[in-house]
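Written out below as structure tokens is the structure these notes cover.
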Amino acid sequence: MIKPTISVEPVISSEELAQLRKTNIALEGRNYELRETVRQLRLQSAAVESERDQYKREAKKLKGELEQYRTPPLVIGTIEALASGDRVIVRSTTGPQFLSKVSETVNSAELVPGRQCALHPQSFVLVEVLPNKYDTMISGMEVERAPEVNYEDIGGLDRQKILLREAVELPLLKPELFEKVGIEPPKGVLLVGPPGTGKTLLAKAVSHETNAAFIRVVGSELVQKYIGEGARLVRELFALAREKAPAIIFIDEIDAIGSSRSNEAYSAGDHEVNRTLMQLLSELDGFNTRGNVKIIAATNRMDILDQALLRPGRFDRIIEFPLPDEEGRRMILAIHTKKMHLNRTVSLEKIAKETENMNGSELMAICVEAGMNAVRAGRTKISGEDFVQAITAVKQGRNAKLTPIPDGMYS
Ligand SMILES: Nc1ncnc2c1ncn2[C@@H]1O[C@H](COP(=O)(O)OP(=O)(O)OP(=O)(O)O)[C@@H](O)[C@H]1O
């Protein structure tokens, strides 16, 4: 029997096989390219979303500010007697008496003669019953006992630290030294410099070191919140400080009550500013420098400050806070990255070089933003590139803050 011969024809020639392999490699390359494009697009979309969120937050903040400008300041008064129906007799702090209608939002149980209240400036409707005594103003002031800020938390500013410690800390901790030598410690200290340069931070550190209460008020709030109340608030501010002594009064934006323009007093607002300033000057003049209340003020606008504030016996010690130099920036960066996990590609010296003209507050924002970049990429270590991007973001926004992590970043 003849066996049939089976001839096995190759299904594919070696040339075809080589061609197929080539095509396969090309397709894999293309696939890789496409995946890379998708990854890039995802990153871009995340960045756009994060920018959108930032704009949204900015818009919300501006809306709030606009709303604040639209709301006129309220008039303060004292309830004198309850009249019939929904009316009360109120004497305003500026003098006249009103028969005021009471807003429906006010709890009638709070309408007690003697209580302070706020009236709408046009309709004189009683819109709010204010808490008693200090509470009224404490709502506008921050009171903190020995804030948690140490000198080690402050980068650079060595000269400023020495000067402030000498002017505030020493008289509080060792008043007898001044007595023995027979000199008066400085009365008020004025910190002058651009925003975000550590003025508040250093004042808080002194407060921590002396275990003093830190009472912070903002100049513009003293004169804008309630008509006719600025002078009373200043009086109560000093009374509160004496009660909480040892205490440090910190008046931020003092130029809002102490600008030379306020002397001219040509509008109701200016008149209010002027009265507040007069009260502040009189409190300063009647102030015992050896006592355990110290006063520090801060401003970014030394140029418009009323000279009356700078006379001897008032703010007679001026300490300048410049923008940090390269070494200062490196030290500030070191403080804010102390608890961060940095990889070897991060050089604080290099970052300090690239952040000329930036203040401490912006340097802190860069550190937070760099950390966020690592979080967004799902890493636990922060790289030099994270900082490069953060510097660009903060430079662009100049007030870039923590951006929320875009949805789906980790999916
Ligand atoms: N020298 C510094 N060392 C460390 N951090 C700093 C320094 N300067 C500023 N910062 C950071 O910036 C933040 C803002 O600083 P601070 O409130 O002290 O500025 P300021 O000079 O009082 O500004 P403003 O005039 O706007 O009130 C601080 O909470 C801190 O995180």
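Within the accessible surface of the chain, defined with a 1.4 Å probe on protein heavy atoms only, the carbon and sulfur portion equals 54 percent.
In a reduced charge model with +1 at each Lys and Arg Cβ and -1 at each Asp and Glu Cβ, segment 137-320 shows a dipole moment near 340 debye about its Cα centre.
Backbone amide hydrogens, once placed in the peptide plane, bring Asp306 within less than 5 Å of Ser259, Ser260, excluding anything fewer than 5 places away on its chain.
Show me 193-205, 337-349 ranked by packing, highest mean number of other Cβ atoms within 10 Å first.
Per-residue Cβ counts within 10 Å, averaged per peptide and sorted highest first, yield 193-205, 337-349.
Charges were assigned to the Cβ only: +1 to each Lys and Arg, -1 to each Asp and Glu. The resulting dipole of the chain about its Cα centre is roughly 540 debye.
For Ala109 and Ser220, compute 0.36 nm times the residue count separating them, minus their Cα-Cα distance, and round to one decimal in nm. The Ala109-Ser220 span can extend by a further 36.7 nm.
Counting heavy atoms of the protein chains alone, Met364 has an accessible area of about 80 Å² for a 1.4 Å probe. Its DSSP H runs of at least 4 residues, each contributing -39,500 (n - 2.57), put the calculated 222 nm mean residue ellipticity of the chain at -14000 deg cm²/dmol, to the nearest 500. Legend: residues Ile335, Ile183, sorted from most to least accessible area (1.4 Å probe; ligands, DNA and RNA excluded), read Ile183, Ile335.
Pairwise Cα distances in the chain exceed 27 Å in 66 percent of cases.
Provide the per residue accessible area, probe 1.4 Å, for the chain, rounded to a whole number of square angstrom.
Here the per-residue accessible area is 57 Å².
Annotation: amide H-H contacts under 5 Å for Arg317 (H modelled 1.01 Å from N, sequence separation of 5 or more, or interchain): Gly188, Leu190. Applied to segment 333-349, the Karplus parametrisation 6.51 cos²θ - 1.76 cosθ + 1.60 on θ = phi - 60° returns per-residue 3J(HN,Hα) values of 5, 4, 5, 7, 9, 3, 9, 8, 8, 9, 8, 5, 7, 8, 10, 5, 4 Hz, with x for Gly and Pro.
Ranking Ala167, Gln396, Ala247 by Cα position along the charge dipole of the chain, where only Lys, Arg, Asp and Glu carry charges on their C-beta atoms, puts Gln396 farthest toward the positive end. Treating r as the C-beta distance of Ser13 and Glu36 and R0 as 22 Å, the FRET efficiency rounds to 0.05. Each peptide in 98-104, 24-30 gets a packing score, the mean of other Cβ atoms within 10 Å over its residues, and the list from highest to lowest is 98-104, 24-30. Taking every protein chain into account, the 1.4 Å probe leaves Cys367 with about 0 Å² of accessible area, to the nearest ten. Asp153 sits among other residues whose Cβ lies under 13 Å from its own Cβ, and their net charge, with Lys and Arg +1 and Asp and Glu -1, is +1.
The values are calculated or read from the model by the stated rules, or taken from the named source; none is laboratory data. Being a predicted model, the structure only gives us computed values, none of them experimental. Reconstructed Cβ throughout: ideal geometry from the backbone, glycine too, with neighbour counts over all protein chains shown. The area values use the complete protein model at the heavy-atom level, side chains included, leaving out ligands, DNA and RNA. Shrake-Rupley method; radii C 1.70, N 1.55, O 1.52, S 1.80 Å.
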